[in-house]
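Written out below as structure tokens is the structure these notes cover.
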């Protein structure tokens, strides 16, 4: 029997979160099919989409047209797009023409300043649009501010034995390595700071080591070229007493790592000064530092974590996030089948 779908999800599989979103939608009864928001996930394609989109425009448009052909005739009721970096306004219009009964929902988990220039023009083509960045929401009233989410497995990190004082795990981009070096120098005596630096491309990393003097002394032991498995990441978070977070300087939204500390019950050191505005902020748990001249109070390192209200913890889980994005009345009643990833359209291309 041919599989039928009522929900089309288009979004990058950022560290596996797209798959988790699909699973959550299926548990809610949405028969979901998912595709990447770009025709390939190799380093070259991603770079061209960001720097010279015209060079891959024909391939990109053909990719989205192939999705439309595959799903034409399906009872698509919701088209959900996260970021949609390579998704042009014209492609969105073709999706709307192909699925005229569908509700179109957009979520930006990046800021306008870190996305292609035409991103703002896409918003008017959606029925609901959200952003994780409060500055963007303030400047563009079409966007609703909604922070990111944590996955339920973060709660498993609470019971782990803690033998790491401070932990950073993340992609090393923009000025992060320099900030990490300054944070490392500010760590109080006797405290440990474990770092795991992720680069999506070994070749790009080697090139950067040649061109950037700041990386010449970067320890190879802390660098990985494949993301940690989710169990390994949760194990590390569980062992840490404090998570270190460095947001992009051109963003104001809370990173996924920041939100994960809510579910995991961990303290946070962050360069995002807006943390003091968060409803989950507690000066006992959160320390905002200057990315250029960080200072870490030794008393903060050793002070115990203070539990935050359960209703706030729940509000940052994925289920609450989906309630806000989709609307609680959007849940379907049919039993959820297994979602599908289309390898012919979804691979490196």
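Just a few scattered comments:
- Matching residues, the stretch 269-299, being surrounded by fewer than 18 Cβ atoms within 10 Å (Cβ to Cβ) and over 24 Å from the mean Cα position of the chain (by Cα): 283, 284, 292, 293, 295, 297, 298, 299
- Checked against (1) assigned to a helix (DSSP H, G or I); (2) at pLDDT below 95; (3) surrounded by 18 or more Cβ atoms within 10 Å (Cβ to Cβ), residue 221 passes all but condition (3).
- Qualifying residues in the stretch 112-138 (those that are modelled with pLDDT of 95 or more and assigned to a loop (DSSP other than H, G, I, E, B)) - the one farthest from residue 85 (Cα to Cα): 127
- Selection status of residue 199, surrounded by 15 or more Cβ atoms within 10 Å (Cβ to Cβ) and either outside the structural domain of residue 243 (by TED's automatic domain parsing) or without any contact (Cβ under 8 Å) to a residue 40 or more places away in the chain (or both): yes
- Selection from the stretch 53-62 of residues that are within 20 Å of residue 200 (Cβ to Cβ) and either within 19 Å of the chain's Cα centre (by Cα) or touching a residue at least 40 places away in the same chain (Cβ under 8 Å) (or both): 53
- Qualifying position, being assigned to a loop (DSSP other than H, G, I, E, B), touching a strand residue (DSSP E or B) at 6+ places or on another chain (Cβ under 9 Å) and at pLDDT 95 or above, among 293, 284: 284
- Of the residues making up the stretch 119-139, those that are within 26 Å of residue 100 (Cα to Cα) and without any contact (Cβ under 8 Å) to a residue 60 or more places away in the chain number 10.
- Selection over the stretch 296-324 of residues that are in contact with a helix residue (DSSP H, G or I) (Cβ under 6 Å, 6 or more places away or on another chain) and outside any helix (DSSP H, G or I) gives a count of 2.
- Of all the numbered requirements in (1) at pLDDT below 90; (2) closer than 20 Å to residue 15 by Cα, residue 216 misses one, and that requirement is (2).
Here's the yes/no breakdown for (1) more than 18 Å from the chain's Cα centre (by Cα); (2) exposed (fewer than 15 other Cβ atoms within 10 Å of the Cβ); (3) farther than 27 Å from residue 148 by Cα:
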| residue | (1), (2), (3) |
| --- | --- |
| 22 | no, no, no |
| 29 | yes, no, no |
| 32 | yes, no, no |
| 38 | no, no, no |
| 41 | no, no, no |
| 51 | yes, yes, no |
| 64 | yes, no, no |
| 74 | yes, no, yes |
| 80 | no, no, no |
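- Scanning the stretch 320-349 for residues that are surrounded by 15 or more Cβ atoms within 10 Å (Cβ to Cβ), within 19 Å of residue 10 (Cα to Cα) and modelled with pLDDT of 60 or more yields a total of 6.
The values are calculated or read from the model by the stated rules, or taken from the named source; none is laboratory data. Since this is a predicted model, take the numbers as computed values, not measurements. Cβ: placed from backbone, ideal geometry, glycine included. Neighbour counts: every protein chain shown.
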